[in-house]
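Below is one structure, written out as structure tokens, with a few remarks after it.
Derivation of every value follows stated rules applied to the coordinates shown; laboratory data play no part. Nothing here was measured: the structure is a model prediction, and the numbers come from that model. Virtual Cβ from ideal backbone geometry, glycine too; neighbours counted across all protein chains shown.
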Ligand code: URA
Ligand code: SF4
């Protein structure tokens, strides 16, 4: 009931129509997570099952930002636990990066989907710019609390959300990007793009993803104080 009241008040009082209307007073990860669970900053709270907030240690060196939770993440309530998460875990290991020293989150915290023709499967839909904008306050807060040395955007939606709309994964992947948000930014492909790569090209795409992550690992090793 408290949530409904707050949502109504935010709307009536001319709220921002974004997650900003739902930010808690205390900006700690547990307080943010609790507040995000009741977020109605955009219509996606009605589409996804639950808010899937970021996870990882508050002292993480690296923050990975994906697009939005997938089907399995939506059910589990945890980011990157489905097929994309398994691919990410394997790639991190091969690159010598430790998920235990990472914070993993998404640009949008609710799963956006449409039913397939038979109504049996939920088909992922890419969030649009206004949904990404509405959800951005959560990501801003996560970055402000965790203060990662490096932010890695996975895929175009995340790269544009974190580093700006002019970011191009194809030309900028694997290179340190200048950002006011961290010591360095990196953009690479989304693990689901690797999973979708057909046939013989798949192993190559996975290797290129691992190579990008190795560049992140090398950057961290080189710049360690
Ligand atoms: N894809 C994402 O972008 N994020 C997840 O958490 C899972 C799949
Ligand atoms: Fe709030 Fe983001 Fe979910 Fe929209 S997608 S309701 S802004 S948490």
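Name the helices (runs of 4 or more DSSP H) wholly within the stretch 137-219 that hold at least 2 residues that are under 23 Å from residue 32 (Cα atoms) and either away from ligand 1 (no atom under 16 Å from the Cβ) or in contact with a strand residue (DSSP E or B) (Cβ under 9 Å, 6 or more places away or on another chain) (or both)?
Helices (runs of 4 or more DSSP H) meeting the threshold: 156-163.
Of the conditions (1) surrounded by fewer than 18 Cβ atoms within 10 Å (Cβ to Cβ); (2) on the phi > 0 side of the Ramachandran plot; (3) within 10 Å of ligand 1 (Cβ to nearest atom), residue 80 fails just one. Which one is it?
(1)
Return the total of residues in the stretch 85-112 being within 12 Å of ligand 1 (Cβ to nearest atom), touching a residue at least 12 places away in the same chain (Cβ under 8 Å) and more than 12 Å from the chain's Cα centre (by Cα).
So the answer is 3.
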